[in-house]
Structure formats: C-alpha cells, structure tokens
Amino acid sequence: MTDNTTSWTNFENIQEENGFFPDDMQFTIKTYRKKDIIFHQGDTCDALYVVMSGSVKTEMISESGNLMPIETIHAPRPLAPAFLFSDKNQFPVEVTALTAVELLRIPKTEVVRLMTLRPDFMQQFMTHNANRTQFLTQRMQLLTIKTIKGKIAHLLLEKYQSDGLTFTLSNNQTELADYFGVARPSLSRSLSEMVEERIISFDKNKYKILNLNALKEFLI
C-alpha cells in the first residue's frame, strides 16, 4: 500500500535540535507500554501528538461495535494532526500501542506559534494533512469492498498505476491481512487461488500481474 506522507524526522531528538524549535517551547513526552490504549475514539484532540519511538495501530469502531483496522503508524509520525484545528476536534480512531511508545505532546497554542516562526513547519504540516486525506479516502474505499479478492485487486491495481505490471509490496502477508481486516489464512487462500487462475504471480513481496482484465473484474 502506498503512504505518501511527509517525513517528520525533525521531531527526532527534539531536545538536541539546534534552532528549529524555540528554546521556550512547551512540550511533554509520555511513555506507554505495549497494548496500552493511548486514545479512545472520540477523545479530544487538543494538541499535536507525535509518535517519537515505537509503533501504534489505529482502529475505527463501527456503529455495530466492530473494530475496523485503519493503519499501523511507525515513529516518527503525528497522530491525526488535521483534527487539531477541526471544529469537532476528536480522535476519529482508537489508538493502541503495538510496542513501547514515546509520545510527544505540543499544545495547540505552541503549534500555532511554531507555524508563525517557522513557515517550513507550517508547509510540512499542511502537506502531511493533505497526503493523509488522500490516503484515508483510499482506505475508506478499500473497506467498502466486501470480498478478499476484491481488496487484493484494489491494492494491486493501485500499485499497477504507479509501478506497472511488476512491483514490490512493502508489507508481508500478515501485515496485509491486518490492513484488509481479514484472517491471514483467508488472505493466503485467496492469493493462492489467484495464482492458480494465472491472474497474478508472486514470490515473497514481489508481485506480477498476469491478467489485468481478470484482476479488474474483482472490483465489479
């Protein structure tokens, strides 16, 4: 899957960064253990939160109470930064620590001040939010597809548009199953059937589309 997010490496070693942040900028860093719930869906987003180390998963609770996996976020990355300036500034997802996590918190007033002092930070912030909107739109489209083969086809056709018939996915089958919100054995079975039907071939993370029209039919 493609995640064209802007790098937030300027947040690494924040206390050692020379000149990027004001010396008097207010911030806190909090640690979480693996499996800790960091935020509940609906919690107030009153600051810019950045995962400084570790990884978290985000899930959305449906009206029926089911958890829909959205994505895994690895440091250094912000959490739902666009919602900081929303009229309804609430986290749209559950955020759970997959590993030990260090989380940076910068109050909203400090974020506004930083944007005034550092226009490059404001540009980075806006670009990141625009890219995240695009990613989440694609993610919602994927969640509306009911069949596993349809989900696979959607992902592979996205890669085809940018990389051609042969490409490498950055995710293994376990990660893909989590991304699709399906069981890994079910994903493996669907992939095997698509190989047997000579629609695709793959070796580990390297994929090749053999029958483009047949792949598109899974989306109908």
>> To test your reading of the geometry: what angle, between 0 and 90 degrees and rounded to tens, separates the Cα axis of helix 184-196 from the longest principal axis of the chain?
In response: 40 degrees
> (i) 19.5, 63; (ii) 15.4, 43; (iii) 17.8, 55: which one is Rg and Dmax of the Cα atoms in Å as calculated from this entry?
Replying inline: (i)
>> Output the 0 to 90 degree angle, nearest 10, between the alpha-carbon long axis of helix 119-144 and the longest principal axis computed from the alpha carbons of the chain.
In response: 30 degrees
>> For a test of the definition: using alpha carbon positions, the gyration tensor, and the 1.5 limit on a/c, classify region 9-140 as rounded, prolate or oblate.
In response: prolate
> Around F39, which amide H atoms from residues at least 5 apart in sequence, or from another chain, sit under 5 Å from its own amide H, with H modelled in the peptide plane?
Replying inline: V95
>> Nearest 10 degrees is fine. How inclined is helix 108-117 to the longest principal axis of the chain, computing both from alpha carbons?
In response: 80 degrees
>> I need to check one value: relative contact order of region 148-217, counting alpha carbon pairs closer than 8 Å and at least 6 residues apart, in percent.
In response: 36 percent
> Under the Karplus relation 6.51 cos²θ - 1.76 cosθ + 1.60, θ = phi - 60°, what is the ordered set of whole-Hz ³J(HN,Hα) values for region 52-57, x standing for Gly and Pro?
Replying inline: 8, 8, x, 9, 10, 10
> Which entries of K151/K206; K57/K108; K159/K204 show an alpha-carbon separation above 20 angstrom in the structure shown?
Replying inline: K57/K108
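Every read-out reported here was derived from the displayed coordinates using simple, explicitly stated rules and does not represent laboratory data. Please read these numbers as outputs of a predicted model, since none were measured by experiment.
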